[in-house]
Amino acid sequence: MSRPGQIRFLSTLATFYDPVVSSLGFRRLWERVAEHGAAAAGERCLDVCTGTGGVALALADRGAEVVGLDLAPGMLARAERKARARGLGDRTRFLRMDARSIAFPDDSFDLVTCCMALHEMAEAERSTVLDEITRVARARVLVAEYRVPAQGLSARLFSLRHAFEYLESDDFPAFVRRDVTDRLACAGLRVDDVADVGRYRLWLCSTSH
Ligand SMILES: C[S@@+](CC[C@H](N)C(=O)[O-])C[C@H]1O[C@@H](n2cnc3c(N)ncnc32)[C@H](O)[C@@H]1O
């Protein structure tokens, strides 16, 4: 599926997104991202590729002021609805914006998160998005992604389990081949801590600027 096609697909099926990803353990993942990112009350946070706002709302629950950005209007509409229903409308803002060109000045946010979005991107898009994340982060960056086994039987099982991702995106194989830590280092981020949440991994990083 082409990248614009993927975004349209997600936008149209946004109603079904939360039930589907909940069955894959995302609710716990969103909470752990907010916890691990140590978002504190009053901090400014940016959730890049926010989708239906799972991480953004978990950050706002902790008292942070949160901007969530995404390209899919259907996903953003759901995020806004959820924020209002949870009484978090005052602390959250959801914007339609391309993560390749984040319209905020350098060092705007104490914490920038990006959860389960990099694996869907084309290779060049991934690098540009990571550079943008690094640019707008003043202190911490937290990336959550699949925990990809390096080799052996578990690597083969991973490919089978994620056959859908391989079919859906031409760029998933490229994502799997290169370690996330290496990608983060290339963007100028220093990895301070790594934590696993079931089949997902969190990389907590600091910016060097
Ligand atoms: C699999 S969803 C993950 C959403 C959310 N972070 C979560 O944890 O549930 C990936 C999201 O990334 C968004 N996305 C992909 N490429 C983007 C880009 N270049 N700029 C902004 N959003 C993008 C998609 O629209 C989609 O909502």
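Quick notes on this structure:
- Residue check for A14: open to solvent by less than 20 Å² (accessible area, probe 1.4 Å), closer than 22 Å to D192 by Cα and modelled with pLDDT under 95: no
- Residue in the range 36-54 that is within 11 Å of the ligand (Cβ to nearest atom), part of a helix (DSSP H, G or I) and within 24 Å of D171 (Cα to Cα) present: no
- Among the candidates R27, R44, the residue that is surrounded by fewer than 20 Cβ atoms within 10 Å (Cβ to Cβ) and touching an Asp or Glu at 6+ places or on another chain (Cβ under 6 Å) is uniquely R44.
- Residue in the range 110-124 that is farthest from D171 (Cα to Cα), counting only those that are open to solvent by 20 Å² or more (accessible area, probe 1.4 Å) and at pLDDT below 95: A124
- From the list F104, F158, the one residue that fits, being outside any helix (DSSP H, G or I) and either in contact with a helix residue (DSSP H, G or I) (Cβ under 9 Å, 6 or more places away or on another chain) or free of Cβ contacts under 8 Å to residues at least 24 places away in the same chain (or both), is F104.
- Put simply, of L76, L95 the only residue that is within 11 Å of the ligand (Cβ to nearest atom), farther than 22 Å from R140 by Cβ and either in a strand (DSSP E or B) or open to solvent by less than 40 Å² (accessible area, probe 1.4 Å) (or both) is L76.
- Within the range 169-201, the set of residues being open to solvent by 30 Å² or more (accessible area, probe 1.4 Å) and charged (D, E, K, R) comprises D170, D171, R177, R178, D179, D182, R190, D192, D193, D196, R199, R201.
The values are calculated or read from the model by the stated rules, or taken from the named source; none is laboratory data. Since the model is a prediction, treat every value here as computed from it, not as a measurement. Ideal geometry is used to build each Cβ from the backbone, glycine not excepted, and the neighbour counts take in all protein chains shown. For the accessible areas, the whole protein counts, side chains as well, though only heavy atoms, and no ligand, DNA or RNA atoms are used. Shrake-Rupley method; radii C 1.70, N 1.55, O 1.52, S 1.80 Å.
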